[in-house]
């Protein structure tokens, strides 16, 4: 006779997100084992939950759709051919993200080497960033994303950031990865992730501060000698 | 805790992400509540995080998923697919070869050509009669023989290009038709020492 309390606990436990995530990770490990054993037709099933993520990361680094698709294809092919090297102690998603970032950087490097331009500015992470002095902030509503010109403006603002800020911002605020996962994927410290994220957020806020119809940008007024922006 | 605006700017990310100690968080909340410009910084950053966190912002080009899947299938599943392709191709080839073989066998068991058009493959044991102007060799006494004839061995008649008469030597021809083994006609001819019909 099963213990009713234990059964009830088990059924509640089945509903928790933790269990579902663990079950998902278990399924993922099993899929990886089967693919390694030769069932290559399961590979698409394995990467399907991440294809969009990989695309967005690639797109924000190379900054155009066609190149981003190329990067996704090459990254996934590389993941398939190197699947034997994947160690289960790391998360598959983080490993895949690392590959995509490397592929995107390589693509960018090739393009820049052909035009003899530097890949990025050498902006220093040290020091504080002073945000623009504004009296107030009028929200850009999420609904406005339906307008293509708004989306284009947001994408252009992100694209104008140095790639070291873009990468951190995309992993943290677009892909909602944790600080630790972002640090793992980029091979940098969590402290550097936080510093770059702060700067990326503030820079984007300033870039978007003028709004799309000139509605923002009214400078704040301070009593004489108390303005922190001067 | 007395905080300056610079402290707020430096801690605004951690404040939003809930990564601050409770006391520090409280101190920042107090400052932001009294500072319009820091409030504008906080609201701006919060707006940025909210806007870019929307998954529709970076929608790939239409057909991306289909293109990716097809590309991957071609390269990743390709080796497996081509293995099956090879199996199918080998099977098909074997089936074609078998049907060709059967067709050849059938062709030999049911010839489209008349029996007398083929040279004899099995010759009679006794002497046969040939007429100089004719093309057939016969058993002596065959009603088809017209005119003066001479007697020769069947081998000689074959060498000279005569073929067996289907009327008197029909039995020999039928015996030949029962042979079902597909053999090259030329090869068979050679083994029997048969030559092409003489040009007369």
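Values in this text are rule-based calculations from the coordinates and carry no lab data. No experiment lies behind these values; they were computed from the predicted model shown. Please note: Cβ atoms are built from the backbone with ideal geometry, for glycine as well, and neighbour counts cover all protein chains shown.
Data table
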read-out	value
Computed lengthening from residue A:147 to residue A:85, 0.36 nm per intervening residue step minus Cα-Cα distance	18.0 nm
Cα-based shape type of region A:23-115, given that a ≥ b ≥ c are square roots of the gyration tensor eigenvalues and the cut on a/c is 1.5	prolate
Residue A:135 paired with residue A:210, simple spin-label distance in nm, labels 7 Å along Cα-to-beta-carbon	1.9 nm
Gap separating the Cα centres of region A:44-74 and region A:172-191, nearest whole Å	18 Å
